[in-house]
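One structure is given here, and the rest of the page talks about it.
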Amino acid sequence: MSNDVLVCGSVAFDTITLFEGHFKDHILAEHIKSLSVSFFVPTMRKEYGGCAGNIAYNLRMLGGNPVPVATVGKDAREYLQRMRDMGIDTRAIRVLPDAFTPQCHITTDLDGNQIAAFHPGAMMQSAENDISREKAVWAIVAPDSKDGMFTHAENLNKAGIPFIFDLGQAMPLFDKADLERMLGLANVLTVNDYEASVIEQRLEKSMAQIAGHLEAVVVTRGAEGSDLYHDGQQISIEAVKAEAVTDPTGCGDSHRAGLLYGLSLGWGWEDCCRLGSLMGAIKIASQGPQNHFLSREEISSRLMSAFGTALPAL
C-alpha cells in the first residue's frame, strides 16, 4: 500500500500587518454605527498558510509523503512551486483560473488585538475536487468549505482510507446533526480543549463517550499537553517544553502532522501523540505557520530526549 497521506483542507495566504497604535483609540463606541477607519501599517509580511498547507509542510519536514487536497486560484503558482521544491506532491490540488486562492488579511495592534478579513475564494468549490481514485495509508479532513469536508469524508470512508476529522475553525459550520454525520464517517477526532467543550455540549456526550465509537480522540491542551482517549482509556500526554513561546499560529496543524506521520509508520497512539506534542513545541518557537525548520536528525534527537523514542531511518 502507498504510504501517501491525503491532507484535505485549505491552502491559503495570510497577509499580516502591524498597526503601531491601539484600536481602542480609533474605534469609538458612540460612533460605531457609522464606522470609517483607516490604519497606517508600516510593516507587512505574507505567509504561506491554510490547514492543508501547514500540515503538509510539517509532514514533509518529518520525511512523510503528504498529498495536499485543496482548491486554489490563479495566484497560487509561487505557493505550488514552493511545495514541489520541498518534494510535496501537488497532484490533488486543483487550480481555478477564475478565482483567487483563499486569503486572510490580519491587522494587529500593540495590545495584540486583531481585525481580520477572510476571502474564501477557490475554497468554496473544494467539493468539486474529486479524490475518489486516490490511494493513501491515512488521511485528514481539516477545515475547508463545509461541502468540501463532507465530500472528502464520504469519499475516504467509501474507499476504506482511515481519516482524522479536525474540526478547527470550521466549528461554527457544524451543528449537532453535522457532527454526528461526520463522526459516523471518521475514524479519529482531533480538537483543542475549547472545541472539545463545544462538541460535548452540542452532542450532549463526553469525549470518553464519543471516543467509544471511534478509534481515538485526541484533545490538545496547549502547554498542559494533550489527552488521548483510546481503547476505553484516557491517557495524559506530556507537553514538550518549547524553547520560546513566539506565535501559536499553526501549532495545531503541526501537532496533526506529528500524529499523521506516526500513524503512517504504524506507531501506537501514545507515540503518535508524543510526536505531535514535539511538533507543536517546535512550531510555537517560530513566527508564522511555515517558517520553522529542523532536520529529521534534530527532531529525532529532541524526541529521544523528551520521550525516549527516535524517528526511523528513511
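For this structure, a couple of remarks:
- Criterion applied to 75, 25, 14 was being acidic (Asp, Glu) and touching a strand residue (DSSP E or B) at 6+ places or on another chain (Cβ under 7 Å), and the one residue passing it is 14.
- Residue that is modelled with the highest pLDDT, among those in the stretch 106-137 that are open to solvent by 90 Å² or more (accessible area, probe 1.4 Å) and part of a strand (DSSP E or B): 118
- The set of residues in the stretch 77-89 that are in contact with a helix residue (DSSP H, G or I) (Cβ under 8 Å, 6 or more places away or on another chain) and either of a type in the set (A, V, I, L, M, F, W, C) or surrounded by 19 or more Cβ atoms within 10 Å (Cβ to Cβ) (or both) comprises 79, 83, 86, 88.
- Considering the stretch 59-95, the residues that are in a loop (DSSP other than H, G, I, E, B) and in contact with a Lys or Arg (Cβ under 7 Å, 6 or more places away or on another chain) include one that is nearest to residue 293 (Cα to Cα), namely 63.
- Of the residues making up the stretch 160-177, those that are closer than 16 Å to residue 143 by Cβ, open to solvent by less than 20 Å² (accessible area, probe 1.4 Å) and not small (Gly, Ala, Ser) number 6.
- Counting only strands (runs of 3 or more DSSP E) that sit completely within the stretch 197-252, those holding 2 or more residues that are over 14 Å from residue 272 (Cβ atoms) and without any contact (Cβ under 8 Å) to a residue 12 or more places away in the chain correspond to 233-237.
- From the list 61, 44, the lone residue that is of a type outside the set (S, T, N, Q) and either open to solvent by less than 10 Å² (accessible area, probe 1.4 Å) or under 21 Å from the mean Cα position of the chain (by Cα) (or both) is 61.
The values are calculated or read from the model by the stated rules, or taken from the named source; none is laboratory data. Quantities reported herein were computed from a predicted structural model and do not represent experimental measurements. Cβ coordinates were reconstructed from backbone atoms using ideal geometry, including for glycine residues, and neighbour counts include every protein chain displayed. Heads up: the accessible areas ignore ligands, DNA and RNA and are worked out on the full protein's heavy atoms, side chains in. Shrake-Rupley method; radii C 1.70, N 1.55, O 1.52, S 1.80 Å.
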